[in-house]
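Have a look at the structure below before the remarks.
Every number in this text was worked out from the coordinates using simple rules, so none of it is lab data. Keep in mind it's a predicted model, so treat the numbers as computed, not measured. Here Cβ is always computed from backbone atoms with ideal geometry, including for glycine, and neighbour counts include all displayed protein chains.
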Amino acid sequence: MLTGTLPPNVVAPLSSEFFAWLYELRESLDPMAARLAAPRLAALPPEAHEAQAVRARALLEQGRAALARADIGALTEADMAFHMWLYEAAGNPLLAETLRLYWNHLRRAMIAVLEPVATRERTWDEHESILEAVLGGDARRAERLSLHHIREAARRVTAPLEKG
């Protein structure tokens, strides 16, 4: 468990309990962001909707390019950028602000999730499915896909930590 303060330049050990808590939080916030973003983007004027779609698809392309290079650092940054886009697209500034509080921990978790080669492509396929549901205005599907995505990520992060 993470308690107290650590000296400068000391990284807290990975704790399965801490990451379980972090992903419990994300199980609420990420699906909510997807659910809120879908109707919000659908209500935008066509040119604004298209601008959001172009921006989000560029993030997917960045992730896929990092995937092709097997660049874990770039994959992690692209993953975080995609999720931040989703939080911002939801229109609730507290979503992005809340997740920024845990950004360093999320980065460590995402590196753990993206490290196994077998999960990298699946992660980006899931992102693409969430994005298409959001851009299509399908709030229920976007929410459901996002929840599945976060639960799978949580499982991939906490399982190795529980083994020791």
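Values computed for the structure shown
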item	result
Length released on extending from L44 to E27, taking residue separation times 0.36 nm less the Cα-Cα span	3.5 nm
Spacing of the two label points (7 Å from each Cα toward its C-beta) at E77 and R122, in nm	2.7
5 Å-binned pair-distance histogram of the stretch 22-121 (Cα, whole percent)	2, 13, 21, 22, 20, 14, 6, 1, 0
Phi to ³J(HN,Hα) by Karplus 6.51 cos²θ - 1.76 cosθ + 1.60 over the stretch 130-142, Hz, x for Gly, Pro	4, 4, 5, 5, 4, 5, x, x, 8, 4, 5, 5, 4
